[in-house]
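Undergrad: This is the structure, below, for whatever I ask next.
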Amino acid sequence: MTSAKLGFFPTPFPDETLHSVVTRYNLLTATTSAATYKALYDGVMMGLSMIVPKNFSVLADRIPGNSRVNRYDLLRNNTLLPLFVPFQDPLTENKTGYDLLLDSNYSQQWIMPQGLGFVRTCLLCAKDDYSRFGVSFWHRSHQIPGVTCCWKHGAKLFDTCPACNLNLYQGPYKLRPLVRGCECGWGPLDDGYSDVALSGAKKYAIFSKKSS
């Protein structure tokens, strides 16, 4: 059941994942993860293996603005769904890819093929983002299956803390913005070395970024 509009929801940054926007909402509203899921998805958790989270239409209805526009903009710009829509069987859905993005009854079962369950980041992007936007965030282009390095910097992506090797994201039960860093005290602005990936890996990352 859809409730009244929320008074606030962060404007997504360029190339930011929907998961990242939700974690920033959680941080800015100073609420628990459970309260955030309740406010945005009627309590349904947002697993990282989901290309489109369950109850996404509830989110599109509740955040400020037109629900249809919200749905299109978030799915098109902040999820990986555009990468997979072209492969949907048109005889089954009888719709074009972008029609699917606007169908409130669609996308509830889109699951990442390998069920990733973690998030990757580029240390150089984290520092650039902080300098430009005042906050570090998770990038959509870094989460594309098969991408192992940053399309912009050519640096290898990582999903564990460079200081203690703990996973940077602890699963859907606890939303954790990148700006908070790791529980050990490491932060994305700390000095650290980023390994440079092979040129072929960067070319694939650039190709994937353009395709998304």
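Undergrad: Out of the residues in the range 40-56 meeting the condition of being of a type outside the set (G, A, S), over 17 Å from L83 (Cβ atoms) and assigned to a loop (DSSP other than H, G, I, E, B), tell me which one is most open to solvent (accessible area, probe 1.4 Å).
TA: K54
Undergrad: Still on this model: Is it the case, given these coordinates, that L75 is touching a residue at least 12 places away in the same chain (Cβ under 8 Å) and touching a helix residue (DSSP H, G or I) at 6+ places or on another chain (Cβ under 6 Å)? Show your work before the answer.
TA: Details: touching a residue at least 12 places away in the same chain (Cβ under 8 Å): yes; touching a helix residue (DSSP H, G or I) at 6+ places or on another chain (Cβ under 6 Å): yes.
Answer is yes for this residue.
Undergrad: List pairs: first residue in the range 175-188 and of a type outside the set (A, V, I, L, M) and at pLDDT below 85, second residue buried (at least 19 other Cβ atoms within 10 Å of the Cβ) and in a loop (DSSP other than H, G, I, E, B) anywhere in the structure, Cβ distance under 6 angstrom, at least six positions apart or on different chains.
TA: Final answer for the pair search is R176/Y169.
Undergrad: Out of everything in the range 101-118 that is crowded, with 18+ Cβ neighbours inside 10 Å and out of contact with any strand residue (DSSP E or B) (no Cβ under 9 Å at 6 or more places or on another chain), what residue ends up being modelled with the lowest pLDDT?
TA: Here the residue is S107.
Undergrad: Restricting to the range 189-209, name every residue that is β-branched (V, I, T) and modelled with pLDDT of 80 or more.
TA: If the condition is that a residue be β-branched (V, I, T) and modelled with pLDDT of 80 or more, then I206 is the only one that fits.
Undergrad: For the range 152-165, which positions are over 16 Å from F13 (Cβ atoms) and part of a loop (DSSP other than H, G, I, E, B)? First the steps, then the outcome.
TA: So the first thing to find is which residues in the range 152-165 are over 16 Å from F13 (Cβ atoms), and the list is 153-165.
Those that are over 16 Å from F13 (Cβ atoms) and part of a loop (DSSP other than H, G, I, E, B): H153, G154, L157, D159, C161, P162, A163, C164, N165.
Undergrad: Then there's this: When only residues in the range 57-80 that are assigned to a loop (DSSP other than H, G, I, E, B) and within 16 Å of the chain's Cα centre (by Cα) count, which is surrounded by the most Cβ atoms within 10 Å (Cβ to Cβ)?
TA: T79
Okay, residues lined up against (1) out of contact with any Phe, Trp or Tyr (no Cβ under 6 Å at 6 or more places or on another chain); (2) more than 20 Å from S212 (Cα to Cα):
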| site | (1), (2) |
| --- | --- |
| P10 | no, yes |
| L27 | yes, yes |
| A39 | yes, yes |
| L48 | yes, no |
| D73 | yes, no |
| T79 | yes, no |
| L83 | yes, no |
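Undergrad: Starting from residues that are of a type in the set (A, V, I, L, M, F, W, C) and buried (at least 18 other Cβ atoms within 10 Å of the Cβ), keep the ones in the range 193-212 and report whichever is nearest to P82 (Cα to Cα).
TA: Pass one, the range 193-212, residues of a type in the set (A, V, I, L, M, F, W, C): 196-198, 201, 205-207.
Filter once more, so that each one left must be buried (at least 18 other Cβ atoms within 10 Å of the Cβ): 197, 201, 205.
Working: A197: 26, A201: 21, A205: 16 Å.
Looking at residues that are of a type in the set (A, V, I, L, M, F, W, C) and buried (at least 18 other Cβ atoms within 10 Å of the Cβ), I get A205.
Undergrad: Another question about this same structure. If you check S136, S131, which single one turns out to be in a loop (DSSP other than H, G, I, E, B) and either without any contact (Cβ under 8 Å) to a residue 40 or more places away in the chain or within 28 Å of S33 (Cβ to Cβ) (or both)?
TA: Within the list S136, S131, the selection yields S136.
The values are calculated or read from the model by the stated rules, or taken from the named source; none is laboratory data. Predicted model only: the values in this text are computed from it and were never measured. Virtual Cβ from ideal backbone geometry, glycine too; neighbours counted across all protein chains shown. SASA here: full protein model, heavy atoms, side chains in, ligands and nucleic acids out. Shrake-Rupley method; radii C 1.70, N 1.55, O 1.52, S 1.80 Å.
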